[in-house]
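Structure in structure tokens, see below.
The values are calculated or read from the model by the stated rules, or taken from the named source; none is laboratory data. Keep in mind that this is a model prediction, so the values were computed, not measured. Here Cβ is always computed from backbone atoms with ideal geometry, including for glycine, and neighbour counts include all displayed protein chains.
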Amino acid sequence: MAQLLRDQNYSLQSNRKTEEGEDHPDRDAQFRHINTEVKRAVAAGMPVISVDTKKKELLGNYDNGGQQWLPAKKPVKVNGHDFPSPDVPRAYPYGIYDLARNTGFVNVGTGHDTGAFAVASIRGWWRTKAEPCIRQRRRC
């Protein structure tokens with residue numbers, strides 16, 4: 001079958017991300033404005049964070065695309081298939097980066113409500129990092 005497909009000018013291919021749509025005409029101006037406001041806030045001692053979520057990952061003994069150093073001929077054995085199933089839990093990593101302190105942390109949740117998890121992540125950062133500094137009226 002593979003040879004028949006090749007004979008018809010078919011080949012194995014992966015997706016290519018190109019469908020982004022049109023850029024906003026003032027995109028550069030938007031980022032310049034954000035950058036100016038961030039610099040102003042940091043100079044004033046105000047907290048500035050960047051929040052991002054990453055791809056959800058299956059929890060369990062599944063293949064991941066990375067590599068690690070192990071003794072020769074002793075690979076980690078993982079499940080042969082990683083088909084999505086409601087029974088398989090997923091991890092949702094949410095990262096917060098504090099620009100002024102050049103520090104960050106990642107929360108990992110298992111719920112499906114991304115918005116609520118984002119708020120909980122920011123709340124956790126606020127309570128442990130920003131709020132103590134503001135209470136003591138000092139820069140951190």
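Only one of these is in a helix (DSSP H, G or I) and more than 24 Å from Asn35 (Cβ to Cβ): Gly115, Gly80, Gly65. Name it.
Details: Gly80 fails: in a helix (DSSP H, G or I); Gly65 fails: in a helix (DSSP H, G or I).
None of the other options fit; the residue is Gly115.
Taking the residues in the stretch 38-60 that are at pLDDT 85 or above and exposed (fewer than 12 other Cβ atoms within 10 Å of the Cβ) as candidates, determine which candidate is nearest to Leu99 (Cα to Cα).
That would be Ser50.
Here's something else I'd like to know. Only residues that are at pLDDT below 80, loosely packed, with under 12 Cβ neighbours inside 10 Å and of a type in the set (S, T, N, Q): list them for the stretch 91-127, please.
Result: Thr110, single match.
Taking the stated definitions as given, is Val88 in contact with a Phe, Trp or Tyr (Cβ under 9 Å, 6 or more places away or on another chain), modelled with pLDDT under 80, hydrophobic (A, V, I, L, M, F, W, C) and assigned to a loop (DSSP other than H, G, I, E, B)?
Working: in contact with a Phe, Trp or Tyr (Cβ under 9 Å, 6 or more places away or on another chain): yes; modelled with pLDDT under 80: yes; hydrophobic (A, V, I, L, M, F, W, C): yes; assigned to a loop (DSSP other than H, G, I, E, B): yes.
When the stated conditions are applied, Val88 passes them.
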